[in-house]
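Peer 1: Next up is a structure, given as structure tokens.
What follows is calculated from the coordinates using simple rules that are stated; it is not laboratory data. Note that this is a predicted model, so its numbers are computed, not measured. Positions of Cβ are generated from backbone atoms using ideal geometry, with glycine treated the same way; all protein chains shown enter the neighbour counts.
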Amino acid sequence: MMRAWILPMLLVLCGSAVATGMVLKGTPTTAAAVLLAFLALAGVNSPLIFPRSIGAGEAQRRSAVDGRPIVYWRPGCTYCIRLRLRLGRHARRLHWVNIWRDPAGAAEVRVANDGNETVPTVIVAGRPHTNPDPAWVRENLSSRPR
């Protein structure tokens with residue numbers, strides 16, 4: 001779990017160093033903007049933005065029991081971030097699989113996308129949907145039991 005925080009912590013430290021240098025040079029407003037940009041990047045790359053990932057096998061087992069969709073994603077993917085942010089609080093109702101941490105999940109994505117690791121790939125009722133519209137995913141969540 002600690003490895004997941006390395007990049008966000010590095011971004012915060014780098015942003016702090018750059019901002020400190022800018023403040024010392026006499027540009028505190030620019031320094032604040034740069035620090036905010038680094039903090040935003042750190043937040044987007046932190047484990048806080050995505051619900052805890054599980055393995056593909058566990059996600060498939062849970063989905064078979066509760067009928068909730070599975071989202072295959074990877075860190076740094078802008079489309080995955082867009083999906084996560086637009087789902088808001090509903091994102092926790094999906095099963096999230098990080099394909100960079102789970103080789104079985106990466107294999108599932110390749111099968112669904114003609115050998116490509118295109119994410120986000122959302123599995124709803126056993127059918128894959130590559131980079132679906134977040135509103136469509138939310139719609140499919142509302143038709144499923146909580």
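Peer 1: First measure r as the distance between the Cβ atoms of residue 114 and residue 82, then evaluate 1/(1 + (r/R0)^6) with R0 = 30 Å and state the FRET efficiency to the nearest 0.05.
Peer 2: Numbers: r = 23 Å, r/R0 = 0.75.
It comes to 0.85.
Peer 1: Just from its helices, what would the mean residue ellipticity at 222 nm be for the chain, if runs of 4 or more DSSP H residues each count -39500 (n - 2.57) and the sum is divided by every residue, rounded to the nearest 500 deg cm²/dmol? Each step should come with its number before you reach the end.
Peer 2: Numbers: 6 runs with 76 residues, N = 146.
Dividing the helical sum by the residues of the chain leaves -16500 deg cm²/dmol.
Peer 1: Another question, if that's okay. With only alpha-carbon pairs counted, each pair once and no self-pairs, how large is the Kirkwood hydrodynamic radius of region 2-44 in angstroms?
Peer 2: 10.3 Å
Peer 1: Once region 62-116 is represented by equal point scatterers at the alpha-carbon sites, with solvent omitted, what log10 I(q)/I(0) does the Debye formula produce at q = 0.14, 0.16, 0.17 Å⁻¹?
Peer 2: Scattering profile of region 62-116, log10 relative to I(0): -0.40, -0.52, -0.58.
Peer 1: Please report the Cα spread of the chain along all three principal axes, rounded to whole Å, starting with the longest.
Peer 2: On the principal axes, the chain reaches 58, 30, 26 Å in Cα extent.
Peer 1: If you take every DSSP beta bridge whose two residues both sit in the chain, what share of them, in percent to the nearest 5, is antiparallel?
Peer 2: Values: 7 of 11 bridges.
About 65 percent, rounded to the nearest 5.
Peer 1: Mean Kyte-Doolittle of at least 1.0 and a Cα length of 18 Å or more along the axis: which whole DSSP H helices of the chain meet both? List each step's numbers first, then the result.
Peer 2: Values: long enough: 6-24 (27 Å, 2.22); 28-44 (24 Å, 1.99).
What comes out of the filter, once short or polar helices are dropped, is 6-24, 28-44.
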